[in-house]
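Asks: Quick one: the structure is below, questions incoming.
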Amino acid sequence: MEHQQAAKIGEERGEAMIVIDSLCKSFGDNHVLKNFSLTLHSQENLVVLGRSGSGKSVLIKCIIGLLQPDSGEIIVFGNNVVQLSHHELDMLRTQVGFLFQSNALYDSMTVRENLEFPMRRHWFEISQREVDDMVMEALDNVNLGHTAEMMPAELSGGMAKRIALARTMILRPKIILYDEPTTGLDPITAREIESLMLKLHDKYKTSSIIISHDMNCVKTTADRVALLLDGRCYTDGSFEELEKSDDEHVKQFFE
């Protein structure tokens, strides 16, 4: 029923970029996702809101193929991620950017080398001049053009997050998955990251799933909010709609 409703909404909102249907994932006796269903639409910023440990990060790791679900379907660009070969999954990942909560920069590489890595990893036939141009564009996008030869250890927390965002965007993916993009940042830096997310969304017309429990981030970035509760998509709507809800399960997130 949830999937049918999501499909109907998708027809009204435009092309479906990701369709998650009846997704289940357990770790031993811990049933993290229980028949979770959700659709991401073209050029939509969709925030998945939930308490810590509710399964938000597990969800996006399943989407990108870092975790194998127990059952259910994850359709990305019309492809069932669960059934893709390793090579097909690699090709899909060129169109899906993933911003890790920890940034996941390589300590032994300069900023430039970190940004070049996705291009080297996916074996693109591209000249060094094109690589250099893409690196500088990515750095200019996050206002850090002067950091190309710096090492990650020389970066502040906010700068490291920006560089991680630049690396996520360098292949100009159609979909971005954000895992707690503002966690661990001071309020001013967090607001700067949110502004960058919106700026890059407008520039590249991306579709995004944003995992967060930072309510300011949710309010600022979300076109739609999906509430992950007890392993399921409990409800979804605009931030304003959920904020006004009389449902006690929803109200607890807005108190």
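Asks: Tell me which residues, restricted to the stretch 22-53, are within 17 Å of the chain's Cα centre (by Cα) and among the polar types (S, T, N, Q).
Replies: S37, T39, S42, Q43, N45, S52 - these are the residues of the stretch 22-53 that are within 17 Å of the chain's Cα centre (by Cα) and among the polar types (S, T, N, Q).
Asks: Mind telling me which of the residues I64, I170, I75, I126 ends up being within 30 Å of N35 (Cβ to Cβ) and modelled with pLDDT under 95? Give the derivation first.
Replies: Details: I170 fails: within 30 Å of N35 (Cβ to Cβ); I75 fails: modelled with pLDDT under 95; I126 fails: within 30 Å of N35 (Cβ to Cβ).
Within the list I64, I170, I75, I126, the selection yields I64.
Asks: Based on what the data block shows, is G97 buried (at least 19 other Cβ atoms within 10 Å of the Cβ), closer than 20 Å to K199 by Cβ and of a type outside the set (A, V, I, L, M)? Don't jump to the end; show me each part of the working.
Replies: Details: buried (at least 19 other Cβ atoms within 10 Å of the Cβ): yes; closer than 20 Å to K199 by Cβ: yes; of a type outside the set (A, V, I, L, M): yes.
Here the answer is yes, as G97 does meet what is asked.
Asks: Here is a check on your reading of the model: is D246 in a loop (DSSP other than H, G, I, E, B), more than 24 Å from I20 (Cα to Cα) and free of Cβ contacts under 8 Å to residues at least 12 places away in the same chain?
Replies: Working: in a loop (DSSP other than H, G, I, E, B): yes; more than 24 Å from I20 (Cα to Cα): yes; free of Cβ contacts under 8 Å to residues at least 12 places away in the same chain: yes.
Yes.
Asks: Hey, among V82, V32, V19, V47, which residue is outside any loop (DSSP other than H, G, I, E, B), surrounded by 14 or more Cβ atoms within 10 Å (Cβ to Cβ) and touching a Pro at 6+ places or on another chain (Cβ under 9 Å)? So that I can check it myself, show each step before the final result.
Replies: Working: V32 fails: touching a Pro at 6+ places or on another chain (Cβ under 9 Å); V19 fails: touching a Pro at 6+ places or on another chain (Cβ under 9 Å); V47 fails: touching a Pro at 6+ places or on another chain (Cβ under 9 Å).
Of V82, V32, V19, V47, the one residue that is outside any loop (DSSP other than H, G, I, E, B), surrounded by 14 or more Cβ atoms within 10 Å (Cβ to Cβ) and touching a Pro at 6+ places or on another chain (Cβ under 9 Å) is V82.
Asks: Please determine, by comparing only the residues of the stretch 218-234 that are farther than 14 Å from L23 by Cβ and not charged (D, E, K, R), which one is surrounded by the fewest Cβ atoms within 10 Å (Cβ to Cβ).
Replies: So, considering only residues that are farther than 14 Å from L23 by Cβ and not charged (D, E, K, R), the one surrounded by the fewest Cβ atoms within 10 Å (Cβ to Cβ) is Y234.
Asks: Right, another one. Find the helices (runs of 4 or more DSSP H) located wholly in the stretch 107-217 whose residues include 2 or more that are in contact with a Ser or Thr (Cβ under 8 Å, 6 or more places away or on another chain), among the aliphatic types (A, V, I, L, M) and surrounded by fewer than 17 Cβ atoms within 10 Å (Cβ to Cβ), and list them. Spell out the reasoning first.
Replies: Details: elements: 111-121, 128-141, 157-169, 187-204.
Filter on the stretch 107-217 gives an empty set.
Asks: Could you list, in sequence order, the residues of the stretch 218-238 that are free of Cβ contacts under 8 Å to residues at least 60 places away in the same chain and not charged (D, E, K, R)? Give the steps one after another, and end with the answer.
Replies: Within the stretch 218-238, the subset free of Cβ contacts under 8 Å to residues at least 60 places away in the same chain is 219-220, 234-235, 237-238.
Those that are free of Cβ contacts under 8 Å to residues at least 60 places away in the same chain and not charged (D, E, K, R): T220, Y234, T235, G237, S238.
Asks: From the list E88, E73, pick out the single residue that is in a strand (DSSP E or B), surrounded by fewer than 17 Cβ atoms within 10 Å (Cβ to Cβ) and not small (G, A, S). Talk me through it step by step, then tell me what you get.
Replies: Values: E88 fails: in a strand (DSSP E or B).
Of the residues listed, the single one that is in a strand (DSSP E or B), surrounded by fewer than 17 Cβ atoms within 10 Å (Cβ to Cβ) and not small (G, A, S) is E73.
Asks: Which of the residues spanning the stretch 20-72 are of a type in the set (D, E) and in contact (Cβ under 8 Å) with a residue 12 or more places away in the chain? Please lay out each step first, then the result.
Replies: So the first thing to find is which residues in the stretch 20-72 are of a type in the set (D, E), and the list is 21, 29, 44, 70.
Once the filter is applied, which keeps residues that are of a type in the set (D, E) and in contact (Cβ under 8 Å) with a residue 12 or more places away in the chain, the stretch 20-72 yields D21, E44, D70.
The values are calculated or read from the model by the stated rules, or taken from the named source; none is laboratory data. The structure displayed is predicted, hence computed values, not measured ones. Cβ atoms come from the backbone with ideal geometry, glycine included; neighbour counts cover every protein chain shown.
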